[in-house]
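Reviewing the structure listed below.
The values are calculated or read from the model by the stated rules, or taken from the named source; none is laboratory data. Quick caveat, the model's predicted, so the values are computed rather than measured. For neighbour counting, all protein chains shown are included, and Cβ atoms are generated from backbone atoms with ideal geometry for every residue, glycine included.
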Amino acid sequence: MADELLNLESKPAAKQLIAGWRRQWSDGGEVSGGLPAYLINKLGAVQIGEMGPEVSKLCYPFQVPGTHDTYRPRAAYSEGLPSQPMTRSNRFYDAGNGLIIFLGQEPWFRIDVYAEAFFQAVAELDTPKIIAVEGYNGAAPPEMERSVSCIYSRADMKAKLDNYGLRYSNYGTQSRNGPTIAMALVTLAHYEHPEMEMLRLGAMAPMYPFLTPNNDPVGISRDHRAFYDIMRRIKAMFDLDVDLSELLSLGEAEPGELVDTLEKIASTNSTARELIDRAKADYNYVPFETVVSLEPGLDRTLEDILRNAPDQPENG
């Protein structure tokens, strides 16, 4: 049964596992499906395994009426002959330096089977810390830092998490709310795998309740600023050797078009203006600044230099 749930070709010792899912409910800004894919490409990560055929068989429908081929498994043929089996893509990649990346497809059925495969992989990879990334749409001011929410599996994780500019979610406490795939796995980790540490980081990607003349939603469909604001937290948490300059550049370049679009909408519609202004006034996020830690010896040396520096002329 184990081989039917999981097939790992190699098992590098892992320190962290970043997980995301395509074709899922909580993929605002393509954070969940897009960020792991970006990292796999950026870091040249190599596939080391995948969930097995039992997961593909039990956890997905063949199709959903009216959706054409959105939910069907992928198939391919060469000169009329099948060239690959019909499987779902739930794959693990080695990015080096102890970082594993998982990019999966949200299951429709049997979360117990899916979770068993996922946590089996974590155990076989030396039980790395798990960081699931997701996104949700909302009226986030496009030019501002993204709001990043968090849920986590163990109470002893909070003291460290307090340092990273996170909002702690109270999702589901006021009314009935079903979990996202990452939320479900955090809950299962809490109750069934207390030896594991798992957190879910969710960023609000800008999306407003307006449509363009082409009936496209007004927002940022692939939100690199959300990618960046999640990754700079993960990088600081685990001291990852990942260059984020490209994500920062992409994130800074994207908001301009949306800002202009919102201004055009607001200039001819007072109700839209009120909604946009209220969303900005009510926007709630916890800012995060990366703190650079110095070695004690270097820290003292810098203090001595500053203490012994000559006074500067007033107009110097």
Count of the range 47-71 residues which are among the hydrophobic types (A, V, I, L, M, F, W, C) and loosely packed, with under 10 Cβ neighbours inside 10 Å: 1
Restricting attention to the range 1-46, report how many residues are part of a helix (DSSP H, G or I) and either of a type in the set (A, V, I, L, M, F, W, C) or surrounded by fewer than 15 Cβ atoms within 10 Å (Cβ to Cβ) (or both). 11
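Of all residues in the range 202-232, how many are more than 11 Å from Ala140 (Cβ to Cβ) and under 18 Å from the mean Cα position of the chain (by Cα)? Give the steps one after another, and end with the answer.
From the range 202-232, those more than 11 Å from Ala140 (Cβ to Cβ) are 202, 209-218, 221-222, 224, 227-228, 230-232; that's our starting set.
Checking which are under 18 Å from the mean Cα position of the chain (by Cα) leaves us with 202, 221-222, 224, 227-228, 230-232.
Residues in the range 202-232 being more than 11 Å from Ala140 (Cβ to Cβ) and under 18 Å from the mean Cα position of the chain (by Cα): 9 in total.
From the list Glu145, Glu195, pick out the single residue that is within 23 Å of Pro255 (Cα to Cα) and not in a strand (DSSP E or B). Lay out the reasoning, then the answer.
Numbers: Glu195 fails: within 23 Å of Pro255 (Cα to Cα).
Step by step, each of Glu145, Glu195 is checked, and only Glu145 is within 23 Å of Pro255 (Cα to Cα) and not in a strand (DSSP E or B).
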Got at least one residue in the range 220-233 being surrounded by 15 or more Cβ atoms within 10 Å (Cβ to Cβ) and acidic (Asp, Glu)? yes
Would you tally the residues in the range 72-108 being crowded, with 17+ Cβ neighbours inside 10 Å and either within 20 Å of the chain's Cα centre (by Cα) or part of a strand (DSSP E or B) (or both)? 16
Residues (without any contact (Cβ under 8 Å) to a residue 40 or more places away in the chain, farther than 27 Å from Ala14 by Cβ and among the polar types (S, T, N, Q)) located in the range 69-123: Ser78, Ser83, Gln84
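Take Ala132 and tell me if it is of a type in the set (Gly, Ala, Ser) and either within 16 Å of Ala19 (Cα to Cα) or surrounded by 22 or more Cβ atoms within 10 Å (Cβ to Cβ) (or both).
Values: of a type in the set (Gly, Ala, Ser): yes; either within 16 Å of Ala19 (Cα to Cα) or surrounded by 22 or more Cβ atoms within 10 Å (Cβ to Cβ) (or both): yes.
Taking the combined requirement at face value, the residue satisfies it.
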Which numbered condition Val286 fails, given (1) in contact with a Ser or Thr (Cβ under 9 Å, 6 or more places away or on another chain); (2) among the aliphatic types (A, V, I, L, M); (3) assigned to a helix (DSSP H, G or I); (4) at pLDDT below 95: (3)
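Please go through the range 56-70 and pick out each residue that is of a type in the set (Ser, Thr, Tyr) and assigned to a loop (DSSP other than H, G, I, E, B). Walk me through how you get there before you give the answer.
Taking the range 56-70 first, the residues of a type in the set (Ser, Thr, Tyr) are 56, 60, 67, 70.
The answer is Tyr60, Thr67, Thr70.
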